[in-house]
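Written below as structure tokens is the structure these notes are about.
The values are calculated or read from the model by the stated rules, or taken from the named source; none is laboratory data. The shown structure was predicted, so the numbers you read here are calculated from the model rather than taken from an experiment. Positions of Cβ are backbone-derived with ideal geometry, glycine not excepted, and every protein chain shown enters the neighbour counts.
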Amino acid sequence: MTAPTSPLLGLPGAVAGDGVDAPVAAHYGSFNLEQRALDAGEGFVDLSHRDVVRIEGPDRLTWLHSLTTQHLESLAPGLTLPGLVLDPQGHVEHAFVGADDGTAFTLHTEPGQAAALVEFLERMKFMMRAELTDVTASHAVTWRPARGEGYERYELVPRDQLTSYAEAAGPAAGLWAFEALRIARGEPRFGVDTDARTIPNEVGWIGSAVHMDKGCYRGQETVARVHTLGRPPRRLTLLHLDGSENRLPPAGADLLLGEKVVGFVGSSARHHELGPIALGLVKRNVDLGAELTVDGMPAAQEVVVDPEVGLHVRPLR
């Protein structure tokens, strides 16, 4: 289900985003001031273009626990956690953030991703007592910096109450401000900073979206092997871009070391303190001090995922 256009695009100064982000505001007149407000713990971000799915039934948590990377079978009501669905080779197929209220588990995911996720989950139900409903039309996602830490900052709001919510929670900050701060924190966005080959170990999802002390799930063998032996094939890095040109690289652009392609750039933004920044997925063996190039612009690296991450256990011969 496609999320409807947010009523908050009617706020003064609102400018719509691009592509899948078009239903919400990119900014409300000054993304720098909006970033500073969020940094100070003020305001909120309209993420009502994200898809929302509600899962009810007595087996919902044990069932989701068996299918995802997160430990959910004894999830306490109100605790918000990220999770992933992997393919059999350990590649990330779906990413979500969710919480249980004691009667249902409600998750949200990237715009346009709910249908594929629901289709997969429905195929895996078998005899489990769990009912899935796409509630994107009635529920909206927001993010508030003053609302706890980490993933607790996401909030679900009845969609028909978004306008009154904004009046109480303001000032509103656009997606450009949210993205700039997210990139600076080194948090990947699924489908932008990841590709079809991405495994959780490459992008820093071990320990947050992937719980390492739980039973079997699809793709676990790859995750566990790379974690045990260390050195995933690629690593997420924060890129500090040359600010002499007034542009940002397109998502998916090649990252070059000399003339050799060593990765790709994902999301990019203008940070109010750091300047133009981006996230890139780079081959593990690229020197951390090497200056890369993207779309004709020099890019210096800052470590997000250590290329040596893992336990480095020597396999038995």
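Is it fair to say Val118 is assigned to a helix (DSSP H, G or I) and of a type in the set (A, V, I, L, M, F, W, C)?
yes
Only residues that are assigned to a helix (DSSP H, G or I) and closer than 17 Å to Ala26 by Cα: list them for the stretch 180-200, please.
Residues satisfying the conditions are Ala180, Leu181, Arg182, Ile183.
Kindly provide the set of residues from the stretch 60-75 that are crowded, with 16+ Cβ neighbours inside 10 Å and acidic (Asp, Glu), ordered by number.
none
Give the stretch 230-243 a look and list any residue that's assigned to a loop (DSSP other than H, G, I, E, B) and over 24 Å from Glu273 (Cα atoms), or say none.
Those that are assigned to a loop (DSSP other than H, G, I, E, B) and over 24 Å from Glu273 (Cα atoms): Gly230, Arg231, Pro232, Pro233.
Where in the stretch 61-112 are there strands (runs of 3 or more DSSP E), lying fully within it, with 1 or more residues that are without any contact (Cβ under 8 Å) to a residue 60 or more places away in the chain and outside the structural domain of Gly19 (by TED's automatic domain parsing)?
Once the strands (runs of 3 or more DSSP E) in the stretch 61-112 are filtered for at least 1 residues that are without any contact (Cβ under 8 Å) to a residue 60 or more places away in the chain and outside the structural domain of Gly19 (by TED's automatic domain parsing), what remains is 92-100, 104-109.
Check whether at least one residue in the stretch 244-265 is modelled with pLDDT of 95 or more, within 14 Å of Gly186 (Cα to Cα) and assigned to a strand (DSSP E or B), and report yes or no.
Within the stretch 244-265, one or more residues are modelled with pLDDT of 95 or more, within 14 Å of Gly186 (Cα to Cα) and assigned to a strand (DSSP E or B).
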